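For reference, the structure is listed below as structure tokens.
The values are calculated or read from the model by the stated rules, or taken from the named source; none is laboratory data. No experiment lies behind these values; they were computed from the predicted model shown. In this analysis, Cβ positions are derived from the backbone assuming ideal geometry, glycine residues included, and neighbour counts consider all displayed protein chains. Keep in mind that these areas ignore ligands, DNA and RNA; they rest on the heavy atoms of the full protein, side chains included. Shrake-Rupley method; radii C 1.70, N 1.55, O 1.52, S 1.80 Å.
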Amino acid sequence: MSKNTFGRVFQVTTWGESHGPGLGAVVDGCPPGIALEKEFLQRWLDRRKPGQSRFTTQRREKDEVEILSGVFDGKTTGTPIHLMIRNTDHRSKDYSEIRDKFRPGHADITYWQKYGLRDYRGGGRSSARETAARVAAGGVARAALDSLVPQFSIKGYLVQVGPHRANRQKFDLGQIEKNAFWCPDAEAAMHWAAFLDETRKSGNSAGAVVEVVASGAPPGLGAPVYGKLDADLAAAMMSINAVKGVEIGAGMDAACLSGTENADEISMGPNGPVYDSNRAGGILGGISTGQDIVVRFAVKPTSSILTPRKTIDLAGEETEIVTKGRHDPCVGIRAVPVGEAMMACVLLDHFLLDRGQTDSKRGKIG
């Protein structure tokens, strides 16, 4: 199986399966001299780990990260950083009844059609468990960005669960860490809780929309045509398990706007250009403008559900399937820290690319 690596200068290779001994990432291209401690990485993994509320899988994994190489005396050495997370609570017997059946909406059938084999124990590499490795690697990227771009920050949150959207007029970023949904609208979080309780008890699942905002990124990241920052961000978010759609800025709604509505008007401020709006999501022509970089992605409902579904087995016989075990009624909740991690990895990669090509020099205005 190829293509387990992403990035060009800052490269991340993830490895491992949902029900194997462990999983992790090898991070190559991180600059030397970056302060990096295990505790810093653990902070981000703790936000993603399962079993933190009734709205996520009850699989009990501590997700403790180990740094096996690339760090000496608390600083990166510039050599590959090997991160490992051991699996401690995998119950493969939960999947014994579906070993010869394909789950509708799941990658089971395409893995079999491509490779002639599949890991039925939780899906192997297609499991959302793989994203723990991405969050660990994203922690390395955050540490580097903290050092190289001190004003930089990333914030992710849910803006929709099922058909129910948060009210942007009621956004309070201080609420994000205070509810199980990473939601800046406390009232919406309460409604989502009741909705997901009903969904979970009925043996069903729900989708979600995640928004990730990067603030403090300098203008000039990205390159025209085939090196566009938004193209790489879209690819990164689309690579997350269960993601079926990605938007930058106004996204699909841009098609509903007129030219006068869509154009982010520009004026001159004391420190450079100032934009009256941000429908471009902080990216024009594939290059960052210096505004907030805004990405949203849609996560489909969890495919493993208790409601019987029609399917076929390995012999091609039609049958019915019920997926037992411990699964997220809304996998989009734990996708929030994953989206943040992918944003960090892509932006660090583009920062290092830009530094190598232009030495961060900028065209002067005013």
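Taking region 247-260 as the range and being surrounded by fewer than 19 Cβ atoms within 10 Å (Cβ to Cβ) and either part of a helix (DSSP H, G or I) or under 20 Å from the mean Cα position of the chain (by Cα) (or both) as the test, the residues that pass are Gly251, Met252, Asp253, Ala254, Ala255, Cys256, Gly259, Thr260.
Scanning region 135-160 for residues that are open to solvent by less than 20 Å² (accessible area, probe 1.4 Å), over 30 Å from Ala194 (Cα atoms) and in a helix (DSSP H, G or I) gives Ala136, Ala137, Gly138, Gly139, Val140, Ala141, Ala143, Ala144, Leu145.
In the set Ala186, Ala180, which member is open to solvent by 20 Å² or more (accessible area, probe 1.4 Å), more than 20 Å from the chain's Cα centre (by Cα) and hydrophobic (A, V, I, L, M, F, W, C)? Steps first, answer last, please.
Numbers: Ala180 fails: more than 20 Å from the chain's Cα centre (by Cα).
Step by step, each of Ala186, Ala180 is checked, and only Ala186 is open to solvent by 20 Å² or more (accessible area, probe 1.4 Å), more than 20 Å from the chain's Cα centre (by Cα) and hydrophobic (A, V, I, L, M, F, W, C).
Residue count for region 324-356 under the criterion of being surrounded by fewer than 24 Cβ atoms within 10 Å (Cβ to Cβ), among the small types (Gly, Ala, Ser) and under 30 Å from Ser205 (Cα atoms): the result is 1. Does any residue of region 164-181 turn out to be part of a helix (DSSP H, G or I), of a type in the set (D, E, K, R), modelled with pLDDT of 95 or more and in contact with a Pro (Cβ under 9 Å, 6 or more places away or on another chain)? There is at least one residue in region 164-181 that is part of a helix (DSSP H, G or I), of a type in the set (D, E, K, R), modelled with pLDDT of 95 or more and in contact with a Pro (Cβ under 9 Å, 6 or more places away or on another chain).
When only residues in region 309-323 that are assigned to a strand (DSSP E or B) and open to solvent by 50 Å² or more (accessible area, probe 1.4 Å) count, which is modelled with the lowest pLDDT? First the steps, then the outcome.
So in region 309-323, the residues assigned to a strand (DSSP E or B) come out as 309-313, 318-321.
With open to solvent by 50 Å² or more (accessible area, probe 1.4 Å) added as a condition, the list becomes 309-310, 312, 318, 320.
On the way: Arg309: 90, Lys310: 94, Ile312: 94, Glu318: 96, Glu320: 93.
The qualifying residue modelled with the lowest pLDDT is Arg309.
Considering only residues that are farther than 28 Å from Lys364 by Cα and in contact (Cβ under 8 Å) with a residue 24 or more places away in the chain, which ones fall in region 254-271? Answer for region 254-271, where residues must be farther than 28 Å from Lys364 by Cα and in contact (Cβ under 8 Å) with a residue 24 or more places away in the chain: just Ala254.
Taking Ile266 as the residue in question, decide whether it is of a type in the set (A, V, I, L, M) and open to solvent by 20 Å² or more (accessible area, probe 1.4 Å). Yes. Considering region 224-245, and only residues there that are assigned to a loop (DSSP other than H, G, I, E, B) and at pLDDT below 95, the residue that is nearest to the chain's Cα centre (by Cα) turns out to be Asn241. Scanning region 272-331 for residues that are under 26 Å from the mean Cα position of the chain (by Cα) and without any contact (Cβ under 8 Å) to a residue 12 or more places away in the chain yields a single hit, Leu284.
Consider Ala208 carefully, then state whether it is within 27 Å of Ile81 (Cα to Cα) and either small (Gly, Ala, Ser) or modelled with pLDDT under 95 (or both). Criteria not met by Ala208.
Among all residue pairs at least 6 apart or on different chains, which show Cβ distances below 9 Å where the first residue, located in region 203-218, is of a type in the set (Phe, Trp, Tyr) and the second is part of a strand (DSSP E or B) and open to solvent by 10 Å² or more (accessible area, probe 1.4 Å)? Here the result reads none, with nothing in region 203-218 linked to a residue that is part of a strand (DSSP E or B) and open to solvent by 10 Å² or more (accessible area, probe 1.4 Å). Say whether the condition of being open to solvent by 40 Å² or more (accessible area, probe 1.4 Å), assigned to a loop (DSSP other than H, G, I, E, B), among the aliphatic types (A, V, I, L, M) and over 30 Å from Thr260 (Cβ atoms) is met by at least one residue in region 284-305. The answer is no, given that none of the residues of region 284-305 is open to solvent by 40 Å² or more (accessible area, probe 1.4 Å), assigned to a loop (DSSP other than H, G, I, E, B), among the aliphatic types (A, V, I, L, M) and over 30 Å from Thr260 (Cβ atoms). Spot the failing condition for Met84; the list is (1) out of contact with any helix residue (DSSP H, G or I) (no Cβ under 7 Å at 6 or more places or on another chain); (2) farther than 22 Å from Thr307 by Cα; (3) not in a strand (DSSP E or B), and only one is missed. That leaves (3) as the condition not met. Filtered by the rule that a residue be buried (at least 21 other Cβ atoms within 10 Å of the Cβ) and part of a helix (DSSP H, G or I), region 96-129 gives Ile98, Asp108, Gly124, Ala128, Arg129.
Residues are listed down the side, and each one gets a yes or a no for (1) within 16 Å of Arg47 (Cα to Cα); (2) touching a helix residue (DSSP H, G or I) at 6+ places or on another chain (Cβ under 9 Å); (3) of a type in the set (Gly, Ala, Ser):
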| site | (1), (2), (3) |
| --- | --- |
| Gly139 | yes, yes, yes |
| Ala143 | no, yes, yes |
| Ala166 | no, yes, yes |
| Trp182 | yes, yes, no |
